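What follows is a short report on a single structure.
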Amino acid sequence: MMVLKTDREIALLREAGQIAAEALAWAGRNAVPGRTTAELDAGVEAMIRARGAMPEFKGYHGFPASICASVNEEVVHGIPGNRVLEEGDVISVDVGVRYRDFVGDTAWTFPVGNVSAAARRLLKATEEALEAAIRAARVGGRLSEIARAVQRVAESYGYSLVKDYAGHGVGRQMHEEPQVPNFVDAHLLRNDVILEEGLVIAIEPMLCAGTGQTRVAGDRWTVLTADGGLAAHFEHSVAFTGSGVEVLTRLDGRTA
Ligand code: MG
């Protein structure tokens, strides 16, 4: 069941989204060579708690940390730890925040120092896919228009899409209906969703340089590309309101 939000609920989702965005921006500034992913996790958690919010991922189905930190061939759900970031890595950081009972969810893939032209191109394409999806989102439109926008950008660059994972509704729960896939197929077209006022969704394209097939690591969390190729992941939480589509996790000029 899709849960439509009131204006007051969207205002709280906006606050949660801004806290998540500020914490994510901090992680990006600190994703530098020599830093460990555990240090990024600790800093993000401290920022979230300082704002009176809670890290939503911590304890989620037993997930042990406040961020997901996924490096290079890791797509999503990487567990922060003592891995030291190196020049040329890319790191996807996913931040989930609960503030006054509402969730903000956002992710970004950051270059660590100087990265290869190939890596830069993949990051640019994935960010473009997210922005195209946001432009395609409109009140009264359809979910498949968002999926198609992501798919078009991925295909125009010759990249693969991860099809095993999708975006989702977001509200009092981190994962609500509808699922927000990044590609169009017969199943989506049969079950297409009208994007009504009050809907809030997380759009999160995952693009891969090689195959979009994935596997789960021995830690039972980290999702990796099956061929070890590079992956990128960008995510915004987006609200459909009476005045249009609003990106709740885009920093509004306030800084951390
Ligand atoms: Mg998400």
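The values are calculated or read from the model by the stated rules, or taken from the named source; none is laboratory data. These numbers come from a predicted model, not from an experiment. All Cβ positions, glycine included, derive from the backbone under ideal geometry; neighbour counts span all protein chains shown.
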For this session: Out of the residues in segment 151-163 that are surrounded by 17 or more Cβ atoms within 10 Å (Cβ to Cβ) and assigned to a loop (DSSP other than H, G, I, E, B), state the one that is farthest from the ligand (Cβ to nearest atom).
Result: Tyr159
Exercise. Does Arg142 satisfy being more than 16 Å from the ligand (Cβ to nearest atom) and either touching a Pro at 6+ places or on another chain (Cβ under 6 Å) or modelled with pLDDT of 95 or more (or both)?
Worked result: yes
For this session: Select from segment 167-215 the residues that are within 30 Å of Phe110 (Cα to Cα) and polar (S, T, N, Q) and list them in ascending order.
Result: Gln173, Gln179, Asn182, Thr211, Gln213, Thr214
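Let's see how each residue does on (1) of a type outside the set (Val, Ile, Thr); (2) part of a helix (DSSP H, G or I); (3) more than 16 Å from the ligand (Cβ to nearest atom):
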| position | (1), (2), (3) |
| --- | --- |
| Ala149 | yes, yes, yes |
| Tyr165 | yes, no, no |
| Leu188 | yes, yes, yes |
| Arg215 | yes, no, yes |
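For segment 199-212, give me the residue count where each residue is assigned to a loop (DSSP other than H, G, I, E, B) and either surrounded by 15 or more Cβ atoms within 10 Å (Cβ to Cβ) or at positive phi (or both). Break it down stepwise before answering.
Initial filter on segment 199-212 (assigned to a loop (DSSP other than H, G, I, E, B)): 199, 204-205, 209-212.
Those still in the list that are either surrounded by 15 or more Cβ atoms within 10 Å (Cβ to Cβ) or at positive phi (or both) too: 199, 204-205, 209-210, 212.
Matching residues across segment 199-212 total 6.
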Exercise. Which one of the conditions (1) under 30 Å from Arg8 (Cβ atoms); (2) within 13 Å of the ligand (Cβ to nearest atom) does Thr241 fail to meet, given that it meets all the rest?
Worked result: (2)
Problem set entry | segment 167-186 - residue that is in contact with a helix residue (DSSP H, G or I) (Cβ under 8 Å, 6 or more places away or on another chain) and of a type in the set (A, V, I, L, M) and, of those, farthest from the ligand (Cβ to nearest atom) | Val184
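Which residues, taken from segment 230-256, are part of a loop (DSSP other than H, G, I, E, B) and crowded, with 18+ Cβ neighbours inside 10 Å? Steps first, please.
The initial filter retains those residues of segment 230-256 that are part of a loop (DSSP other than H, G, I, E, B), namely 230, 234, 242-243, 248-256.
Within segment 230-256, Leu230, Phe234, Leu248, Thr249 qualify.
Could you list, in sequence order, the residues of segment 53-104 that are among the hydrophobic types (A, V, I, L, M, F, W, C) and in contact with a Cys (Cβ under 8 Å, 6 or more places away or on another chain)? Reasoning before the result, please.
From segment 53-104, those among the hydrophobic types (A, V, I, L, M, F, W, C) are 53-54, 57, 63, 65, 67-69, 71, 75-76, 79, 84-85, 90-91, 93, 95, 97, 102-103; that's our starting set.
Those that are among the hydrophobic types (A, V, I, L, M, F, W, C) and in contact with a Cys (Cβ under 8 Å, 6 or more places away or on another chain): Phe57, Val75, Val76, Ile79, Val93.
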Exercise. In segment 79-106, which residues are under 21 Å from Tyr159 (Cα atoms), in contact with a helix residue (DSSP H, G or I) (Cβ under 7 Å, 6 or more places away or on another chain) and either within 16 Å of the ligand (Cβ to nearest atom) or of a type in the set (Lys, Arg) (or both)?
Worked result: Val93
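Given the options Ala129, Ala147, Ala154, Ala133, name the one that is within 21 Å of Ile10 (Cβ to Cβ) and out of contact with any Gly (no Cβ under 6 Å at 6 or more places or on another chain). Show your work before the answer.
Working: Ala129 fails: within 21 Å of Ile10 (Cβ to Cβ); Ala147 fails: within 21 Å of Ile10 (Cβ to Cβ); Ala154 fails: within 21 Å of Ile10 (Cβ to Cβ).
From the options Ala129, Ala147, Ala154, Ala133, the qualifying one is Ala133.
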For this session: Please list, ordered by first then second residue, the pairs with beta carbon atoms under 9 Å, 6 or more apart or interchain, first in segment 98-120 and at positive phi, second among the hydroxyl-bearing types (Ser, Thr, Tyr) and exposed (fewer than 13 other Cβ atoms within 10 Å of the Cβ).
Result: none
